[in-house]
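The block underneath contains the structure these notes are about, expressed in structure tokens.
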Amino acid sequence: MGIVKRIFLLIAGVGQLLAIILLFIHLKAAIIFYLIYILLIVGIFILLLIERMKEKEEDDRNDYRDY
């Protein structure tokens, strides 16, 4: 999942810069790029939550405090 997060972050960063430039050139395209940027950020948060849940589940399985 690390590669997916990096790709999302790269696309989100480039998309945001492109959207700022497009604000001065074409407003509709800039709005579309900002919507894509928001979707990518939401996707990154979802991936982080899924990764955290998996880590928590793994920690619970490997909890040996009872012994």
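Quick notes on this structure:
- Set Tyr37, Tyr64: member being among the aromatic types (Phe, Trp, Tyr) and outside any helix (DSSP H, G or I): Tyr64
- Residue, most open to solvent (accessible area, probe 1.4 Å), within the range 17-67, restricted to residues that are of a type in the set (Asp, Glu) and either within 16 Å of Lys5 (Cα to Cα) or modelled with pLDDT of 80 or more (or both): Glu57
- Residues of the range 2-16 that are open to solvent by 100 Å² or more (accessible area, probe 1.4 Å) and among the small types (Gly, Ala, Ser): none at all.
The values are calculated or read from the model by the stated rules, or taken from the named source; none is laboratory data. All of these numbers come straight from a predicted model, not from anything done at the bench. Accessible surface is based on the protein model in full, side chains and every heavy atom, while ligands, DNA and RNA are left aside. Shrake-Rupley method; radii C 1.70, N 1.55, O 1.52, S 1.80 Å.
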